[in-house]
Amino acid sequence: TQSTRPQRLLSAVQKNATRGDPRSVVKAIDHFCRHKEWAMNVGDEKGCILDSVVTEVNPHTVLELGTYCGYSTVRIASLLPPHAKLITLEFNPDYAAVARQVIAWAGLEEKVQLVEGASSDWIPKLKEQFGIQTFDLVFLDHWKDRYLPDTKLIEEFGLLRKGSVLLADNVICPGTPDYLEYVRSSPQYKSQYFKSHLEYTKVEDGLEKSVFLG
Ligand SMILES: O=C(NC/C=C/[C@H]1O[C@@H](Sc2ccncc2)[C@H](O)[C@@H]1O)c1cc([N+](=O)[O-])cc(O)c1O
Ligand SMILES: [Mg+2]
């Protein structure tokens, strides 16, 4: 049977990256997506902005919405302090299966909890299921029409504290207009746009960083 693009991306990691070396995993995926097959990872250019925000926040608890193949999961987890935890939610079991192997190849299983299912089903259960109080950082990179409703769910279930940071991918392309309007107009957020490009292309895109003011 024909392989899928995520499976071919995983093969490229297993062929070209060093086990236990997250940077080599990131490099192998970026090379594959730039030279072989485009895939919707946050990519190397926006990835550097992601890295700088993670380093600045130095989070002990991270929620990622939309694992896909685990590229940003690996980038984030490789920068976390000891004992920090990253929970990543993925809806598609085939993507989740690939992501688990990418995360394992990077040697980051201890820091990552990949949860299969829909964000809307899981957000209400995260506190009780994983003993989480609040998230220091939330990375939104799943279905673009879910950014706003899921942000409201995250607020509703008390998962943010004063200073929690929301970082959203693709606010220009494919675009998340309702989410952007919300975080930029709400008095509960201090929002900032980081201009960049859509992964592996010259098309404009960017990340929106929004600090929850409580
Ligand atoms: O569509 C995009 N991303 C949607 C990502 C969706 C990911 O999240 C879950 S959905 C889910 C996960 C958890 N809970 C509920 C749903 C999907 O199974 C996929 O793994 C996208 C598209 C482009 N582009 O150029 O077209 C560029 C990007 O950077 C993108 O992120
Ligand atoms: Mg994206």
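Side notes on the structure shown:
- Under a 5 Å amide H cut-off, with hydrogens placed 1.01 Å from N, Tyr189 pairs with Leu213 among residues at least 5 apart or on other chains.
- By the helix-only formula, in which each DSSP H run with n ≥ 4 contributes -39500 (n - 2.57) and the sum is divided by residues, the chain has a 222 nm mean residue ellipticity of -12000 deg cm²/dmol.
- Packing-based order for 44-51, 60-67, 110-117, using average beta carbon neighbours within 10 Å, highest first: 60-67, 44-51, 110-117
- Around the amide H of Glu64, modelled in the peptide plane, lie the amide H atoms of Ile87, Thr88, Leu89, Phe139, all under 5 Å away and 5 or more residues distant in sequence or on another chain.
- Dipole magnitude of the range 1-113 about its Cα centre (Cβ charges: Lys, Arg +1; Asp, Glu -1), debye to nearest 20: 320
- Cα-based helix-to-principal-axis angle, 147-156 vs the chain, degrees rounded to 10: 50
- Residue among Ile76, Ile103, Ile132 with the largest mean-square fluctuation in a Gaussian network model of the chain, springs linking Cα atoms under 10 Å: Ile132
- Crossing angle, helix 22-35 versus the chain [Cα axis fit, 0-90 degrees, rounded to tens]: 70
- Spin-label pair Lys162/Ser52, simplified geometry with 7 Å Cα→Cβ offset, distance in nm: 2.8
- Distance between the modelled labels on Cys173 and Phe130, one decimal in nanometres: 3.1 nm (7 Å Cα→Cβ projection).
- Debye, to nearest 20: dipole size of the range 62-214, +1 on Lys, Arg Cβ, -1 on Asp, Glu Cβ: 500
- Listed values for the range 61-77 are Karplus-derived 3J(HN,Hα) couplings in whole Hz (6.51 cos²θ - 1.76 cosθ + 1.60, θ = phi - 60°), namely 9, 10, 10, 10, 9, x, 7, 6, 9, x, 4, 6, 4, 5, 4, 5, 4, and x replaces Gly and Pro.
- When the Cα atoms of the range 91-214 are aligned to their principal axes, the ranges along those axes come out at 38, 37, 23 Å in descending order.
- J(HN,Hα) series, the range 117-133, from Karplus relation 6.51 cos²θ - 1.76 cosθ + 1.60, nearest Hz, glycine and proline x: x, 8, 3, 5, 7, 8, 3, x, 10, 4, 4, 6, 6, 10, x, 8, 8
- Estimated distance in nm for a label pair at Ser3 and Glu109, the labels positioned 7 Å out from Cα along Cα-to-Cβ: 2.2
- Entries in Lys127/Lys162; Lys125/Lys152; Lys85/Lys190; Lys162/Lys209 that, when Cα-Cα distance is taken, lie over 20 Å: Lys85/Lys190
- Whether the range 15-137 is rounded, prolate or oblate, judged on the alpha carbon gyration tensor where a/c under 1.5 counts as rounded: prolate
Each reported figure results from applying straightforward, stated rules to the coordinates on display, with no laboratory input. Keep in mind that this is a model prediction, so the values were computed, not measured. All Cβ positions, even for glycine, are placed from backbone atoms using ideal geometry, and neighbour counts span all protein chains on display.
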